[in-house]
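The values are calculated or read from the model by the stated rules, or taken from the named source; none is laboratory data. Note that the structure is a prediction, hence the values are computed from the model and not measured. FYI the Cβ positions are ideal-geometry reconstructions off the backbone, even for glycines, and counts take in every protein chain you see.
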Amino acid sequence: MQSSQKSGYDVAQRAAQMLRGEVIDLFAQIERAVSTVLVHAAALPEYKALRPALPHLMGQKLERLRKLMSEAGPLKSRISGVAPLVEKLASFEDLRHFMAHGTVEVALKQDGEPIYIFRMICDPDGKTDPTLTLTRPEAQSRRARLADITKALASKLEATTDGKGKQPK
């Protein structure tokens, strides 16, 4: 490999790793915001019937949030605008799995444009194609859309509990 190709490859490899980290971080922000609402809800008598009080996995937390949105109680009106954002976030679930449970390889096109190839290490349900291939613009577009959803959803969830785990006055 020539020096400029190696350099281009190294830059592309770092960019792919940065993408992974950014996507994982965006989901961590959502998980923190959802967890804050769930902890708050678990302390309210109106939601005592929801068990387990604090689900562990991200999918379980989102499912619990959906349940809270459908249950009568003090949080229902405060989280009503959350549902469309949760549904938009659901379309990124495969991307999250690839970033968190996969490896990444980089290939360079003839023109030097990188292609990111994510390979799933473990697919518990066996339903997901084990490979996700993205061009740099596709990857950047997905990350940007996810960032927009994350910002909006985290903001709405934090407003639910005033960002402190307490219901605003």
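Results for (1) touching a Lys or Arg at 6+ places or on another chain (Cβ under 8 Å); (2) modelled with pLDDT under 90, shown as yes or no for each residue.
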{"position": "17", "(1), (2)": "no, no"}
{"position": "33", "(1), (2)": "no, no"}
{"position": "49", "(1), (2)": "no, yes"}
{"position": "57", "(1), (2)": "no, yes"}
{"position": "79", "(1), (2)": "yes, yes"}
{"position": "87", "(1), (2)": "no, no"}
{"position": "99", "(1), (2)": "yes, no"}
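Kindly evaluate residue 106 against the criterion of being closer than 14 Å to residue 34 by Cβ and either at pLDDT below 90 or of a type outside the set (Ser, Thr, Tyr) (or both). So residue 106 does not fit the description; no. Taken together, the criteria exclude residue 29 from residues that are within 21 Å of the chain's Cα centre (by Cα) and closer than 21 Å to residue 103 by Cα. None of 80, 70, 7, 35 is of a type in the set (S, T, N, Q), under 15 Å from the mean Cα position of the chain (by Cα) and over 17 Å from residue 135 (Cα atoms) except 35.
On inspection, residue 95 qualifies as out of contact with any Cys (no Cβ under 7 Å at 6 or more places or on another chain) and under 21 Å from residue 139 (Cβ atoms).
Among the residues of segment 52-73, is any over 12 Å from residue 157 (Cα atoms), in contact with a Pro (Cβ under 7 Å, 6 or more places away or on another chain) and surrounded by fewer than 17 Cβ atoms within 10 Å (Cβ to Cβ)? No, every residue in segment 52-73 fails to be over 12 Å from residue 157 (Cα atoms), in contact with a Pro (Cβ under 7 Å, 6 or more places away or on another chain) and surrounded by fewer than 17 Cβ atoms within 10 Å (Cβ to Cβ).
Scanning segment 68-102 for residues that are in contact with a Phe, Trp or Tyr (Cβ under 7 Å, 6 or more places away or on another chain) and either in contact (Cβ under 8 Å) with a residue 60 or more places away in the chain or under 30 Å from residue 15 (Cβ atoms) (or both) yields 96, 98, 102. Anything in segment 33-67 that is assigned to a helix (DSSP H, G or I) and free of Cβ contacts under 8 Å to residues at least 24 places away in the same chain? List them, or say none. Result: 42, 45, 60, 63, 66, 67. Return the total of residues in segment 49-69 being touching a helix residue (DSSP H, G or I) at 6+ places or on another chain (Cβ under 9 Å), more than 17 Å from residue 33 (Cβ to Cβ) and not aliphatic (A, V, I, L, M). So the answer is 1.
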